[in-house]
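Data first, discussion second: the structure below is written as structure tokens.
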Amino acid sequence: MKRIIYATRLTWIGLIFLGLISCTGTKKVADPNISVFKVTDYQVLANWAALPQHEDPSDEVPAPLSGIYIKDSSVDVFFIHPTTYTGKLNGRWMADLNDEKLNTKTDESSIRYQASVFNEFNVYAPRYQQAHIQSFYTEEKQRGEAAQKAAYKDVRSAFLYYLENWNNGKPIILAAHSQGALHAKYLLREFFEGKPLQEKLVAAYIIGLQVEPGFFSQLPLCEDSLQTGCYLGWRTFRRDFEPDYDSSFRKSVVVNPLNWKADTSYAPVQLHKGAILRNFNKVYYKVSDAQVHEDLLWISRPKFPGSRLYKSRNYHIGDINLFYLNIRENLRARVRAFKNKNTEG
């Protein structure tokens, strides 16, 4: 199947590095079309991008990893994909779930390159009426926030349907990227923090968007590789680069995905287990080091064929697949720790 790769402000060599969509855009604003919003019906299986009972791109395993793939169906992953609705607004601030071209773009970018990281467990990933990328950039904040809040209603409805129909008391890993991380923050606060469901949380991987210090009052940050019932995340940039973000975007806790620490300790390239770049069936080993810098994750220029020609210093769209094997191994470790803790209890 032909892959649809969307890239904005990237040179052609960037496509070698990134198998995902870009989350950048201009500031042209159209009128919102939110007044007619209706929550998606998640009884309709077509409204899910990934389900354990159906074959989809989240099931794919990179060829070098196929020999060590072991399925554990005792744990669920609820995955929320990032913004893939990045074209012209045309008066529509929220994605149309009947847009097959957009659905294919989502499946062949985020679901294949991100959700597949978690596929040693049961992956559930809803399609949702995501807010357009402009919702994060428009100078008319009320419009953008209205679209994002409506999108959260869809994600919330999907999560409730999943809980009521498929979870059956299993442990949960919550995973998300970018816009998906925004919605994951609110799911965690509404359904997990200080509630019985927190006892079922293995960990929440909230990646690619800021998680402000103090956003959670009871849910702890993951500060080592085996801690459970906690959350973690990062945003990836070239070492010494400071993004020109609004100050509201520059407040975040960060966990280093090479050593799984929340401090500023340096993680050398030897700790990098492997990345999946444009070629899904090729693993690139020892691609980069990593270190937490304030609210960012800094890495040196990634090492892969042609990387010297890659000029971007913002690695946002590679936040997950850059650390593909590190995340995959950490998932196994946290699940083992979670099960051991509950067995002992």
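What to note about this one:
- When residue 62 is tested against the conditions (1) modelled with pLDDT of 95 or more; (2) open to solvent by 40 Å² or more (accessible area, probe 1.4 Å), the lone failure is (2).
- Taking residues in the range 208-220 that are closer than 20 Å to residue 178 by Cα, and partners anywhere that are of a type in the set (Val, Ile, Thr) and in a loop (DSSP other than H, G, I, E, B), the pairs with Cβ atoms closer than 6 Å and at least 6 places apart or on different chains are 211/253; 213/253.
- Restricting the range 329-338 to residues that are among the charged types (D, E, K, R) and open to solvent by 10 Å² or more (accessible area, probe 1.4 Å), the residue that is nearest to residue 113 (Cα to Cα) is 329.
- Filter result for residue 117 (on the phi < 0 side of the Ramachandran plot and in contact with a strand residue (DSSP E or B) (Cβ under 6 Å, 6 or more places away or on another chain)): no
- Matching residues, the range 66-84, being open to solvent by 10 Å² or more (accessible area, probe 1.4 Å), modelled with pLDDT of 95 or more and not charged (D, E, K, R): 73, 74
- Complete set of residues in the range 144-161 that are out of contact with any Leu (no Cβ under 8 Å at 6 or more places or on another chain) and surrounded by fewer than 20 Cβ atoms within 10 Å (Cβ to Cβ): 145, 146, 149, 153, 157, 160, 161
- Residue within the range 192-200 that is surrounded by 16 or more Cβ atoms within 10 Å (Cβ to Cβ), modelled with pLDDT of 95 or more and not in a helix (DSSP H, G or I) present: yes
- Considering only residues in the range 50-59 that are under 21 Å from residue 170 (Cα atoms) and not in a loop (DSSP other than H, G, I, E, B), the one that is most open to solvent (accessible area, probe 1.4 Å) turns out to be 59.
- Residues of the range 294-314 satisfying the condition of being within 20 Å of residue 261 (Cα to Cα) and either of a type in the set (A, V, I, L, M, F, W, C) or touching a Phe, Trp or Tyr at 6+ places or on another chain (Cβ under 8 Å) (or both): 296, 297, 298, 299
- Within the range 306-327, considering residues that are of a type in the set (Lys, Arg) and not in a helix (DSSP H, G or I), the one least open to solvent (accessible area, probe 1.4 Å): 313
The values are calculated or read from the model by the stated rules, or taken from the named source; none is laboratory data. If you're wondering where the values come from, they're calculated on a predicted model, not measured in any experiment. Cβ coordinates were reconstructed from backbone atoms using ideal geometry, including for glycine residues, and neighbour counts include every protein chain displayed. These area figures cover heavy atoms from the full protein model, side chains too; ligands, DNA and RNA do not enter into them. Shrake-Rupley method; radii C 1.70, N 1.55, O 1.52, S 1.80 Å.
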